[in-house]
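The values are calculated or read from the model by the stated rules, or taken from the named source; none is laboratory data. What you see is a predicted model; the values in this text were computed from it and never measured. Positions of Cβ are backbone-derived with ideal geometry, glycine not excepted, and every protein chain shown enters the neighbour counts. These accessible areas exclude ligands, DNA and RNA; they are computed on the full protein's heavy atoms, side chains included. Shrake-Rupley method; radii C 1.70, N 1.55, O 1.52, S 1.80 Å.
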Amino acid sequence: MKKLLVCTLLASMIFSTPVMAKEVGAPVAVYLEDSSNVGDPDITVAAIEEDKLVGEYMNNAVMGIWAMDKVTPVAQGGGVIVDGVATNLTFSVLKPELSRVYSAKELASGLGGCVLNVVKIKTPAELRFNVANVNFYTPGIMAGQNVKVFRFAEDTGWTEFHVSQVRQDHVVVDMTAGGILAFIEVPA
């Protein structure tokens, strides 16, 4: 019965309009890419649950966001350094609420910059840390590019995280907490 339900869901996704996201009023849709592996329905369903493309889900990345024409992909592949200790931890990269994307655009405009991407970073629930040094894979970023990373909190708004390194295709950030992050390019 479960397989029949999953196959029906997959068929409706492939041959009909996109499936809308959970957030009411946020026109975020999940599509299957031409190269999607629809052979494993569990992966496809998991991607849908995270409002991601299958490729985004498989690569722990956010490669596109509604309300942004041009997005620099952001992914995280593990190796997070927690309070100076190398680990094999990976932080999950998820899509943010649409309201945070608009808020990040306002922030970037005020800085004279442009939003590269907005992501929600989820840390392992049991992890407690002061500073986590996180290497984000950001294809297209050039060494020396002036990228700032800001975290959104309900009580304080946007606060800047320290970016310890910007190199070819990578932005390394010292994070003090998970949550919504805006990657913003600002003039030098």
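Structure notes:
- Surface accessible to a 1.4 Å probe, per residue, for the residues of the stretch 59-145, Å²: 50 Å²
- Carbon plus sulfur fraction of accessible area for the stretch 77-172, probe 1.4 Å, in percent: 51 percent
- With the whole protein complex present, S92 retains an accessible surface near 40 Å², based on a 1.4 Å probe.
- The stretch 83-188: GluC sites (Glu not before Pro) in DSSP coil with no more than 12 other Cβ atoms inside 10 Å: E126, E154
- Here the stretch 134-175 is treated as a Stokes sphere of Kirkwood radius computed over C-alpha pairs; at 20 °C and 1.002 mPa s its diffusion coefficient rounds to 199 µm²/s.
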